[in-house]
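Just below is one structure, and these are the notes that go with it.
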Amino acid sequence: MKKAIIIYESVYGNTRKIAEAICKGINEVEGAECLIRKTGEIHTDDLCDYDAIILGCPNHNQEPALNLVKFIDRASIVHLKGKFGAAFDTYTGGNKDVAVTKLEARIHEKLPGIELIGSLSSKVTGRKGPLAGDEESKALDFGVKFARKLLE
Ligand SMILES: Cc1cc2nc3c(=O)[nH]c(=O)nc-3n(C[C@H](O)[C@H](O)[C@H](O)COP(=O)(O)O)c2cc1C
């Protein structure tokens, strides 16, 4: 069984919904299982227990949300070589991919043991949401595809 964990940050709950949809998608694939934790709900040492680590947060002023950045920085002392991973963000305006691109760069720099095999950027219709159109179903599909890659 391949084990994945999603660590997320969320102020208004939209990024949490995306995390839940990705998790559901992963859990739909036989041979993979996933759970979700908010940044404050897990110790960085516990990351060792997982084959895959997925990190996601809202775009805040064209940067990944600070609590997730701080979590990544704290995790930099943990041995994570050979893990797979993915990054995702949520955004409102024309800032698609901006936070997730910076998040990926931060993961490369601080957690070089993680090989990133996916990224997702999901639109919310206003600062507090709700999520646009079919973003949750796209996230579920992303989870399914991620799990399949993990099992290759
Ligand atoms: C302080 C703050 C700054 C934000 N800055 C941006 C921004 O620069 N670009 C953007 O597209 N969205 C921006 N947003 C909108 C957030 O991305 C949006 O609130 C978030 O995706 C909602 O996710 P959540 O419900 O998980 O908190 C900002 C939101 C907040 C609260």
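Coordinate-derived values only; no laboratory data. From a predicted model like this one, the values you see are computed outputs, not experimental measurements. Reconstructed Cβ throughout: ideal geometry from the backbone, glycine too, with neighbour counts over all protein chains shown.
Efficiency by 1/(1 + (r/R0)^6): what FRET value for Asp45 and Ala105, r their Cβ-Cβ distance, R0 = 22 Å, to the nearest 0.05?
On the way: r = 24 Å, r/R0 = 1.10.
In this case the efficiency is close to 0.35.
Net charge within 9 Å of Asp73 by Cβ-Cβ distance, Lys/Arg positive one each and Asp/Glu negative one each, not counting Asp73 itself?
Numbers: positive: Lys70, Arg74, Arg106, Lys110; negative: none.
Result for the neighbourhood of Asp73: +4.
Too long at a 26 Å Cα-Cα cut-off: which of Lys3/Lys38; Lys38/Lys83; Lys70/Lys138; Lys2/Lys123; Lys24/Lys123; Lys83/Lys123?
Values: Lys3/Lys38 17 Å; Lys38/Lys83 20 Å; Lys70/Lys138 28 Å; Lys2/Lys123 29 Å; Lys24/Lys123 19 Å; Lys83/Lys123 28 Å.
Lys70/Lys138; Lys2/Lys123; Lys83/Lys123, as the Cα separations exceed 26 Å there.
Can you tell me the Rg and Dmax of the chain, counting just the alpha carbons, in angstroms?
13.9, 39
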